[in-house]
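A.B. asks: Have a look at this one before I ask anything.
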Amino acid sequence: MRNMVLLIITILPFLGGVVWLLGLKRSAAAACAALLSGTSFALLLSLAPVVAAGLPVGASWEWVPAIGLTAAFFLDGLGLFFAGIILGIGLLIIAYARAYLAPGEDAARFFGCLLLFQGAMLGIVLSDNVLLLVVFWELTSLSSFLLIGFWSHRPEGRQGARMALVVTGTGGLALLAGMLLLGHVAGTYSVTGILAQGDAVRASPLYGIILALVLIGAFTKSAQFPFHFWLPHAMAAPTPVSAYLHSATMVKAGVFLLARFWPVLGGTDAWFVVVTTTGLITMLVGAWIALFKDDLKAILAYSTVSHLGLMTMLLGFSTGFAVSVAVFHILNHAIFKAALFMSAGIVDHETHTRDIRRLGGLATAMPICATLALVATAAMAGVPPLNGFISKEMMLEAAHGTNMGHPAVVGALVTIAALLSVAYSARFAFGTWLGRSKLPPDAHVHDPSPALWGPVAVLVALAIAIGLAPQTLAAPLVQLVTGAVMAGPGAPAVKLSLWHGFTPALAMSAVAIVGGLALLLFQNGLEASRNAVWRPDAKAMFDGGARRLVAAARRIGATVHDGELSRAMLAIVATVVAVTAALFLLFPHGEGDRPMLPVTWPALVGWFALMVSCAAMVVAHDNRLFALVVTSVVGLIVSMVFLQFSAPDLALTQISVEVVATILLLLALNLLPRVTPPARGLGRPLRDGLMAIAGGLGVGGLAYAVMTREQSTIAGYFIENSKPLGGGTNVVNVILVDFRGFDTFGEIIVLCIASLVIYAMLDTALRGAAARRLETIKPNIESGDAHPVLFALATRVLLPLAIVVGVFIFLRGHNQPGGGFIAGLVVAIAFLMQYMASGFAWADRQRALDPHAMLGAGVLIAGFTGIAAFVFGKPFLTSTFGYLTWPVVGKFEVASAMAFDLGVFLTVVGTVMLALAQISRVEAKAERRAVPEGPMDIRFPPMDEPDATPVPAPPLDTSRSA
Amino acid sequence: MELLLASGIGAITAVGLYLILRRESFPVILGLTFLSYAVNLFLFAMGRLVVNQPPIAAPGAPGYTDPLPQALVLTAIVISFGMTALIVVLALRGFLETGSDEVRDETQGQSGEAER
């Protein structure tokens, strides 16, 4: 039961996507969001006693077991703590955002993204699988990108979102690598499983790498130095987003990660040095920069950086006491920082500025907000009796007891950081609320409605209450969470109190408060001297880096591919030749011992013809018509080879494809230039020739090496089962339509797509620039009689015969050489002859079948034949066959595979017809002759017309391409 | 006989490679056709060379050649035709659009028109 509840808690916020999709209005969207997160929060609270009692809560489903990915969730003290903060603060943010968003803004998108983000955060803290955790981790990066860039019309919003995505996304990749290694070392991807393997992980030689990768993930997310620069730029987000992401959730994910894997990765010297130092530096740097910022949100952003450094440093200390302080401060910081961000948002909302130089004295105009903000600021500064004071005192105490190089180093540095923290807090308070107002006198500033300050008041009340009664309100929770973080015995008894007695920490605290206030007096002078010194500008460096990266990518792209196909081809061929040559030389090679077939005279003649054709092709391919003829000759020789070596089906297919392809190329050549301009110089042809010879030698040698070796083949299965299982004796055809029918089905779909692309490309060529060029092409009359009577008559007589031949080849295909592919080609050729003999216009008018319809029918018939097998409970394309007896014809076989073959047949006919008919149509446009009327589509010129004499063929038109 | 076929495949490959390295579309198309021939023959040869033993099941047949490469090559021939038709039309359309049948990007480097 409670396991299901856990799942519902995680899933509910993701339903927020619905809010976005429905496009709800502001109040409805807010209500919907509040309902979802509120329910989730209530369910979480209902589980709290179970967790407090130490009972396990977990649920898991197999997702991709092969890679160790399970959708597993568990709830322990740490998860409960973080989920509570995420959902609790989330509710207040939703209430605040409802009042904050202007009526015109896309509230549905806002709340949808906010809930997606909330769900992703919950996923991180509740995952019981490290890979799932990384998935949610990346989801927070993505959804925060959408939130930070919510005001996508503002460039700083887009840039801030992009920077946050790049930094946290890169960290996410490092984290993924780290988690994969961690899971590999621990032997499990379960978080609970890994937590039990701490000693094994720390002893592993991979520990250093794992630690580095996980820390990069955590430090980028939690904006630790030197990755801190993205956080202030993320302030371009609407204030409710900043308040949520940068107080309670997003940036705390890194701290959560450190706490979660503290028992596994922590406790070593490397952990202590790296994590403590990074935290300490971040704490100092953040506080120092915050002192000089003028934008209220920027001050808070750098303050957040500083406080995140504090938590990181505490987790680095590796003592139970420090862990408990870190946990306590996570809670306190979430409370006062969310309140402060919301206050800054209220100031912005009321005065339309966040610049501290233009604010001041708002306390008189906005007494309620001023009181709330001043209390929260005091908590941030660590002033008693507020919650921030207690955790800061404890932090100073923990630091005081830490020895790093010299006993006083850490203590002194954290005192300086605390001092700076007091200084920027005081500046924030005085500059905004106290002192003299710098706003224009006509500005009517007043407290907003309680809807806006109500959530702030809740948080401030909490800050005061925890400050006054820490032991009652916070200690049990902190105790529970500390125990969960340390995952085992050794957690100290947590004792929280406002008054610790006269301790060194109290002295440090006093120094910090007095020194911080004193420092504020010198702030102007400090700023002047700070501005006099050069300092790195993170955004400029980031932008410069991104620009250089893009420029480098462009340069590389332009170098390796300059738009010239032959260069790319050369690179491919050269690479293949080089790699295979290297392999050839590195490994033993030689011819095999399979006996060779004796050479016959016809074969020798064919070989000789092939060699002559190849040589002729290289020398004279500039003459395109000649090159086409040579190509056909080679195709013919290829089909002879098939015939010679026991492949009648291939021979038939090759020769009919040859006919169709030659017609196609002839048609294209009618419009393309007739001559290829000769290459200039000898360098290129020589280089290409050497490359080509190398490639030819390689392929030929490989073929020879294979052919002279014995093979092991699965052919026996097909030959034995062709008749019993497939019902046909032509094994090749049975393989095509039966054994490997699914492949063939795919192939005819490819044919379909190819012919539709051809149609699309040529149909649009009849318009636009291509059509205008068609107009300029001079008709090329090579023959005085375009449609000779004898040719036209002969083809018409032949058409029925050719179709009968096609049907014959089709029907016998299952048992004898033939089949759908060949029959389709034969029938298509018969149709094409009509186009050739009688012209496009006439033939196109006569045809009854639309090629599009044939294509569609072909694929559908083949598909339905396959699906029909389902009806009989068999897998797709299972075939069956039986025998029928007709009078006269006698007994003959009917196989379901024949219907499939019919689909193949129709597709092939459709493809050929569509491709060639389309080209003819374009040509007809180029010829621009009136379609001759008359029964035979043959122009019978009147005897007395002078231009009826055949036009002599012009010389080859080489100027056409210019 | 094997040597003849292997050298034939090598020669066709070499011509095909030489042609696809040309600058104009038409030789490239013919080059691809040649390469298709070579690849189909190569695949076919993987079933080894057998004379007078077609893969047609019949009682008393002395033996059969390997039908599997044949089935693969048969579809390969038809698909090569589909591919040839596609690139021919692509070349044709490109020529009609730009007035040049060079296989290069006109927007980068020298334009084909200017070079003539």
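The values are calculated or read from the model by the stated rules, or taken from the named source; none is laboratory data. From a predicted model like this one, the values you see are computed outputs, not experimental measurements. All Cβ positions, glycine included, derive from the backbone under ideal geometry; neighbour counts span all protein chains shown. All accessible areas refer to the heavy atoms of the entire protein, side chains included, with ligands and DNA or RNA removed. Shrake-Rupley method; radii C 1.70, N 1.55, O 1.52, S 1.80 Å.
A.B. asks: Taking interchain pairs and intrachain pairs at least six residues apart, which have beta carbon atoms under 8 angstrom, with the first residue in region A:89-115 and among the charged types (D, E, K, R) and the second not in a helix (DSSP H, G or I)?
C.D. replies: Hits for this filter: A:ARG109/A:PHE150.
A.B. asks: Give me the residue from region A:645-658 that is assigned to a helix (DSSP H, G or I) and facing another protein chain (nearest Cβ under 7 Å) and, out of that set, most open to solvent (accessible area, probe 1.4 Å).
C.D. replies: This residue is A:PRO648.
A.B. asks: If only one of A:PHE117, A:PHE136, A:PHE145 is touching a Gly at 6+ places or on another chain (Cβ under 7 Å) and buried (at least 19 other Cβ atoms within 10 Å of the Cβ), which one is it?
C.D. replies: A:PHE136
A.B. asks: Which of the residues belonging to region A:532-556 are more than 17 Å from A:VAL166 (Cβ to Cβ) and β-branched (Val, Ile, Thr)?
C.D. replies: Answer for region A:532-556, where residues must be more than 17 Å from A:VAL166 (Cβ to Cβ) and β-branched (Val, Ile, Thr): A:VAL533, A:ILE556.
A.B. asks: Has region A:416-432 got at least one residue that is surrounded by fewer than 18 Cβ atoms within 10 Å (Cβ to Cβ) and either among the charged types (D, E, K, R) or under 27 Å from A:LEU265 (Cβ atoms) (or both)?
C.D. replies: No: zero hits.
A.B. asks: Among the residues of region A:521-563, count how many are of a type in the set (Gly, Ala, Ser) and either at positive phi or within 14 Å of chain B (Cβ to nearest Cβ) (or both).
C.D. replies: 3
A.B. asks: Filtering region A:707-724 down to residues that are within 7 Å of chain B (Cβ to nearest Cβ) and in contact (Cβ under 8 Å) with a residue 24 or more places away in the chain, which residue is farthest from A:ILE572 (Cα to Cα)?
C.D. replies: Only one residue tops the list, namely A:THR708.
A.B. asks: I've got another one for you. Can you tell me which of (1) more than 7 Å from every other protein chain (Cβ to nearest Cβ); (2) in a loop (DSSP other than H, G, I, E, B); (3) open to solvent by 10 Å² or more (accessible area, probe 1.4 Å) is the one B:GLY47 doesn't meet?
C.D. replies: Tallying (1) more than 7 Å from every other protein chain (Cβ to nearest Cβ); (2) in a loop (DSSP other than H, G, I, E, B); (3) open to solvent by 10 Å² or more (accessible area, probe 1.4 Å), B:GLY47 fails exactly one: (3).
A.B. asks: Moving to a separate point now. When you scan region A:285-386 for helices (runs of 4 or more DSSP H) that lie fully inside it, which ones turn up with 2 or more residues that are among the aromatic types (Phe, Trp, Tyr)?
C.D. replies: A:296-317, A:320-351
A.B. asks: Anything in region A:449-481 that is in a loop (DSSP other than H, G, I, E, B) and either touching a Ser or Thr at 6+ places or on another chain (Cβ under 8 Å) or buried (at least 18 other Cβ atoms within 10 Å of the Cβ) (or both)? List them, or say none.
C.D. replies: A:ALA474
A.B. asks: Checking the structure you have, find out if any residue of region A:831-848 is open to solvent by 40 Å² or more (accessible area, probe 1.4 Å) and not in a helix (DSSP H, G or I).
C.D. replies: yes
A.B. asks: Still on this structure, please answer the following. Just to be sure I understand the filter: pairs with C-beta atoms under 9 Å, separated by 6 or more residues or on different chains, first member in region A:568-581 and more than 9 Å from every other protein chain (Cβ to nearest Cβ), second member outside any helix (DSSP H, G or I) and surrounded by 13 or more Cβ atoms within 10 Å (Cβ to Cβ). Which pairs pass?
C.D. replies: Sorted first by the residue in region A:568-581, then by its partner, the pairs are A:ALA568/A:HIS561; A:ALA568/A:ASP562; A:ALA571/A:HIS561.
A.B. asks: While we're here: What residue, among those in region A:891-926 that are of a type in the set (Asp, Glu) and not in a strand (DSSP E or B), is modelled with the highest pLDDT?
C.D. replies: Taking the candidates together, the pick is A:ASP901.
A.B. asks: Something else: Mind telling me which of the residues B:ALA61, B:ALA38 ends up being more than 7 Å from chain A (Cβ to nearest Cβ) and either out of contact with any His (no Cβ under 8 Å at 6 or more places or on another chain) or of a type in the set (S, T, N, Q) (or both)?
C.D. replies: The conditions single out B:ALA61.
A.B. asks: Only residues that are within 9 Å of another protein chain (Cβ to nearest Cβ), open to solvent by less than 40 Å² (accessible area, probe 1.4 Å) and either without any contact (Cβ under 8 Å) to a residue 40 or more places away in the chain or in contact with a strand residue (DSSP E or B) (Cβ under 9 Å, 6 or more places away or on another chain) (or both): list them for region A:592-626, please.
C.D. replies: A:GLY606, A:LEU610, A:SER613, A:CYS614, A:MET617, A:ARG624, listed by residue number.
A.B. asks: Still on this model: Looking at region A:645-681, which of the residues that are touching a Pro at 6+ places or on another chain (Cβ under 8 Å) and not hydrophobic (A, V, I, L, M, F, W, C) is farthest from B:ARG93 (Cα to Cα)?
C.D. replies: Restricting to residues being touching a Pro at 6+ places or on another chain (Cβ under 8 Å) and not hydrophobic (A, V, I, L, M, F, W, C), the top hit is A:SER646.
A.B. asks: Can you confirm whether region A:263-270 contains a residue that is within 24 Å of A:GLY488 (Cβ to Cβ), touching a residue at least 60 places away in the same chain (Cβ under 8 Å) and either touching a Ser or Thr at 6+ places or on another chain (Cβ under 6 Å) or not in a helix (DSSP H, G or I) (or both)?
C.D. replies: There is at least one residue in region A:263-270 that is within 24 Å of A:GLY488 (Cβ to Cβ), touching a residue at least 60 places away in the same chain (Cβ under 8 Å) and either touching a Ser or Thr at 6+ places or on another chain (Cβ under 6 Å) or not in a helix (DSSP H, G or I) (or both).
A.B. asks: For residues that are open to solvent by 60 Å² or more (accessible area, probe 1.4 Å), touching a residue at least 60 places away in the same chain (Cβ under 8 Å) and over 28 Å from the mean Cα position of the chain (by Cα), tally how many sit in region A:1-25.
C.D. replies: So the answer is 1.
A.B. asks: Let me ask something else about it. Please state which of the following conditions A:GLY727 fails to meet, knowing it meets all the rest: (1) closer than 30 Å to B:ALA85 by Cβ; (2) more than 9 Å from every other protein chain (Cβ to nearest Cβ); (3) crowded, with 19+ Cβ neighbours inside 10 Å.
C.D. replies: In the conditions (1) closer than 30 Å to B:ALA85 by Cβ; (2) more than 9 Å from every other protein chain (Cβ to nearest Cβ); (3) crowded, with 19+ Cβ neighbours inside 10 Å, A:GLY727 misses (1) alone.
A.B. asks: Among the residues of region A:500-510, are any part of a helix (DSSP H, G or I), touching a Ser or Thr at 6+ places or on another chain (Cβ under 7 Å) and touching a residue at least 60 places away in the same chain (Cβ under 8 Å)?
C.D. replies: Scanning region A:500-510, I find at least one residue that is part of a helix (DSSP H, G or I), touching a Ser or Thr at 6+ places or on another chain (Cβ under 7 Å) and touching a residue at least 60 places away in the same chain (Cβ under 8 Å), so the answer is yes.
A.B. asks: Then there's this: Restricting to region A:516-541, what's the tally of residues that are among the hydrophobic types (A, V, I, L, M, F, W, C) and either open to solvent by 50 Å² or more (accessible area, probe 1.4 Å) or part of a loop (DSSP other than H, G, I, E, B) (or both)?
C.D. replies: Of the residues in that region, 9 qualify.
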